[in-house]
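Data block below; observations after.
The values are calculated or read from the model by the stated rules, or taken from the named source; none is laboratory data. Remember, it's a predicted structure, so these values are computed and weren't measured experimentally. Every residue, glycine as well, gets a Cβ built from its backbone with ideal geometry; the counts of neighbours run over all protein chains shown. Accessible surface is based on the protein model in full, side chains and every heavy atom, while ligands, DNA and RNA are left aside. Shrake-Rupley method; radii C 1.70, N 1.55, O 1.52, S 1.80 Å.
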Amino acid sequence: MRRKLPPLNALPAFEAAARHLNFSRAADELNVTHGAISRAIKNLEDQLGVLLFERATRSVRLTAVGEPYALAVRAALDQLAVATASATVRHSGSTLNVSTSDGFAGKWLVPRLYRFHRAHGDIDVRVSTTGRLTNFLGDGIDIAIRYGAGNYPGLTSEFLTGEEVFPVCSPRLLEGPHPLRTPEDLKHHTLIRDGYRLDWAAWLHSAGVEGVDPHGGLTFDSATFAVESAVQGEGVVLGRTMLVAADLATGRLVRPFDHALKAVSSFYVVYPPDAIRQRKVMAFRDWLFSEVTPLRD
C-alpha cells in the first residue's frame, strides 16, 4: 500500500520550530540556517496545501491545523528515534549510557559497578550525573535511576526501593567531651545538610527534640560531599538508606540513634518502553534489581 507522506526531510525542521515557536532557535538546535528552516516549512506547507504557522514580524504561532499536526509529527519522530536506536544496538563492545543523581552514583552505583563488569565484560558503562529529568532521546541515555514518585509519562518506570532518613556520623563523635548518646546531644554538634526535602527540622520535630537549631551548620549541593563531610567527622548528616549503606557497612559511619523517617520518594528504574529489547539495557536492569533488597512501606 502506497502511503501519502509529506516531505520527510522537512519534518525535523517543522517539529523544532513548533516546539520553540521560533525559527532561529530551531535553526540553532538543528545546526542549520534560519533560511533553511523557513524553506523547509514553506515546502511542507506547499505540499500539504495548508498554513501551519501564522507569521508576525517578530513571532510565529501554530495555526489550528499546525498545532495537532506538530504533536503527531513529534510523536512519530520520537518513535522513529527509539526504533532506530533499537535497530543499531551493537551486541558486543556496546556502550550503555546511564543517568542518575550525583549522590546515587557516588555512594551506591560506582562502588558496585565492578560486579556488573565482571558479569558483562563486553558492555561498557558510561554514567551521567544530573539532578534534572532525563531526555532519553536528546541526551542519548539508555536507562536511568530516578528518585521521585515514579510517574514518568511515556516511559517504563519500575520501583527499585524506598528509603529511610536518619542521622549518621563518624564513630569519633560517639566519644569526646560531648558524645552523641541522645538526640538532644545534637545541640553540641554541627548539622550537615544536602538540600534534601526531608530536612533536619522535620527529623527533629518527629523525634520530639527541642533546643537544636535545624538551620545552622554546613550545607552542600551534593549528597556525596555531605556524606563525606560526616565521614571526616565534620558533623552529623541526615543519611538516606541507599546513600550511606556502604559507609555504615565498613564502619566509616554509625547510626547514633534508632529513630528514622520514611522518605517521601523512592528510587525507580526508568527507560523508554522499547529500550528493554536491547540486551545491554535488560542486563543492567536485571543487575540493579539483583543488588537491592527493596524497602517498602
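Under a plain spin-label model, where a point goes 7 Å from the Cα along Cα-to-Cβ, how far apart in nm are T250 and Q232?
Once both label points are built, they end up 1.6 nm from each other.
Check cross-link reach from K280 to the lysines: straight Cα distance under 30 Å, and skip same-chain residues fewer than eight apart.
Answer for K280, where 30 Å is the Cα cut-off: K107, listed by chain and number.
Tell me, what does the Kirkwood hydrodynamic radius of the chain come to in angstroms if you use every pair of distinct C-alpha atoms?
Radius from the Kirkwood sum: 22.7 Å.
Are there trypsin sites (Lys or Arg not before Pro) in region 193-240 that DSSP puts in a loop and that have at most 16 other Cβ atoms within 10 Å, and which ones?
Loop-located and lightly packed - R197.
Heavy atoms only, probe 1.4 Å: what % of the accessible area of region 1-86 goes to carbon and sulfur, would you let me know?
The nonpolar share, carbon plus sulfur, comes to 55 percent.
Can you find, among F53, T224, P111, the residue sitting farthest towards the positive end of the charge dipole of the chain, where Lys and Arg contribute +1 and Asp and Glu -1 at Cβ?
F53
Percent of alpha carbon pairs in region 10-145 separated by more than 21 Å?
Of all Cα-Cα distances in region 10-145, 56 percent exceed 21 Å.
K42: which lysines have alpha carbons under 24 Å from its alpha carbon, excluding same-chain residues fewer than 8 sequence positions away?
Filter leaves K4.
For L96, enumerate residues with amide H under 5 Å from its amide H, sequence gap 5+ or separate chain, H modeled in the peptide plane.
It is D124, V125, R126, by chain and number.
Mind checking the alpha-carbon convex hull of region 153-291 and giving the volume per residue in Å³?
So the per-residue Cα hull volume is 121 Å³.
Which whole-number value in Å² is the accessible area per residue of region 142-297, probe 1.4 Å?
On a per-residue basis, 47 Å².
May I ask you to derive the FRET efficiency for K262 and N151 from their Cβ-Cβ distance with R0 = 22 Å, giving the value to the nearest 0.05? Could the numbers behind the result be given before it?
Numbers: r = 19 Å, r/R0 = 0.85.
Result of the calculation: an efficiency of 0.70.
Roughly what % antiparallel, to the nearest 5, for the DSSP beta bridges in the chain?
Roughly 60 percent of the DSSP beta bridges within the chain come out antiparallel.
With each label point set 7 Å from Cα along the Cα-Cβ vector, what nm distance links S290 and H34?
Result: 5.6 nm between the two label points.
Could you give each residue of region 286-291 its phi-based ³J(HN,Hα) in whole Hz, using Karplus coefficients 6.51, -1.76, 1.60 with θ = phi - 60°, and x for Gly or Pro?
Listing the rounded values in order: 5, 5, 4, 5, 6, 8 Hz.
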